[in-house]
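Rule-based calculations on the coordinates, nothing more; no lab input. Small disclaimer: the values here were computed from a predicted structure and weren't measured. Note that each Cβ is placed from the backbone with ideal geometry, even for glycine, and that neighbours are counted across all protein chains shown.
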Amino acid sequence: MNAIKNILSVANYERKMLLRTVRFRLLGGIGVVVPVVLGILLAIAESYGMESESITGLGAFVPFYAYSYLQTIVIAFIVGDFRAGDERAGVYEVIAARPISTFELVAGKYLGVIGAMFTLSLGVLVLTLVIQAAKVSMTGMPLTVRPYLGYLILMNVPALIYVSALTFFLG
């Protein structure tokens, strides 16, 4: 039980620290803005009569597809140098005061990165749903939420878990 508490406290600390860094905000902002712009352009094209009714959920797929690639880049740059960043920040001295195992540290850092990136994924989901709702109000087409949740759960989250694990393994 104490190990789980240690892992969750490291994860919480790591998530907060990631969300506060300029690098994460800059790369995460780019990772959110590009899919949102793609979603806006696709919504404008669909409102002007571009036929996409044969492809259900295209408005949800394109932003999440772009975000999946951008998420990989963000994870590589954010997670890639976590040991060097921890040494610069003096994290290991703090950990020495409250000893935790290496597994607890790495698992907590992994969960913290997953939490921060999942926050970005939810941001993309909400913003693209807002774009879809605006398109629905202009065109009168029905609002479908299922493709958005499907792409988040089936495409985005597994890619997030895999790429984060690969980056931690290689770093």
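The table below lists the values:
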{"item": "Cα→Cβ-extended label distance, 7 Å offset, between Arg98 and Ile73, nm", "result": "3.7"}
{"item": "In sequence order, calculated HN-Hα J values of segment 40-45 (Karplus, 6.51, -1.76, 1.60; Hz; x Gly/Pro)", "result": "5, 4, 5, 5, 5, 5"}
{"item": "Computed label-point distance, nm, for sites Leu149 and Ile4 using a 7 Å Cα→Cβ extension", "result": "2.6"}
{"item": "Integer Hz, Karplus 6.51/-1.76/1.60 couplings in order for segment 143-158, x for Gly and Pro", "result": "7, 10, 8, 4, x, 5, 5, x, 5, 5, 6, 8, 10, 7, 5, x"}
{"item": "Length added when fully stretched, Leu19-Tyr65, from 0.36 nm per residue minus Cα-Cα", "result": "14.3 nm"}
{"item": "Computed lengthening from Phe169 to Leu122, 0.36 nm per intervening residue step minus Cα-Cα distance", "result": "14.4 nm"}
